[in-house]
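Heads up, the thing below is written out as structure tokens.
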Amino acid sequence: MTRHLYWLNEQRGAAICIDANTGKEVYSQRVPGIGRAYASGVYADVKIYYVTDNAATLVIAAKAKYERIATNKLAGTSRTNASPVIDNGRGC
């Protein structure tokens, strides 16, 4: 079974996925406008949720091919450095 590790690299402005078994990069995809993700990404419902400091939540499919599902902006000028909360297997 192939397992993957995912993270955001703010310096490269990229979402990265590697094969946990081999350490080989599966993808490195530029994601313009993501800002910085100080908090941990959270897995739920085959998605990874990253809250960024530019008042947005980036949602990426947790699979071996990059797929940006959504970027949800918060209203106003709010900023956060917290991880999302998972409730009953779903991101909130």
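No value in this document is a laboratory result; all are computed from the given coordinates. Only a predicted model underlies this, so the values are computations on that prediction, with no experimental measurement involved. Neighbour counts are summed over all protein chains in view; Cβ atoms, including those assigned to glycine, are modelled from backbone coordinates with ideal geometry.
Only one entry in ASN72, ASN88, ASN21, ASN81 is surrounded by fewer than 14 Cβ atoms within 10 Å (Cβ to Cβ) and in contact with a Ser or Thr (Cβ under 6 Å, 6 or more places away or on another chain), namely ASN72.
Condition check ((1) more than 14 Å from the chain's Cα centre (by Cα); (2) surrounded by 18 or more Cβ atoms within 10 Å (Cβ to Cβ); (3) within 14 Å of ASN9 (Cβ to Cβ)) across all residues:
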{"site": "GLY35", "(1), (2), (3)": "no, yes, yes"}
{"site": "ALA44", "(1), (2), (3)": "no, yes, no"}
{"site": "THR52", "(1), (2), (3)": "no, yes, yes"}
{"site": "ALA64", "(1), (2), (3)": "no, no, no"}
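Screening ARG12 on (1) loosely packed, with under 14 Cβ neighbours inside 10 Å; (2) in a strand (DSSP E or B); (3) of a type outside the set (S, T, N, Q) shows it passes everything except condition (2). Here is the figure for segment 15-59: residues that are over 19 Å from ILE86 (Cβ atoms), part of a loop (DSSP other than H, G, I, E, B) and of a type in the set (Asp, Glu) total 1.
Among the residues in segment 67-75, are any outside any strand (DSSP E or B), out of contact with any Pro (no Cβ under 8 Å at 6 or more places or on another chain) and more than 17 Å from TRP7 (Cβ to Cβ)? Yes - at least one qualifying residue is present in segment 67-75.
Screening segment 24-33 for residues that are of a type outside the set (Lys, Arg) and within 15 Å of GLU67 (Cα to Cα) and picking the one that is surrounded by the fewest Cβ atoms within 10 Å (Cβ to Cβ) gives PRO32.
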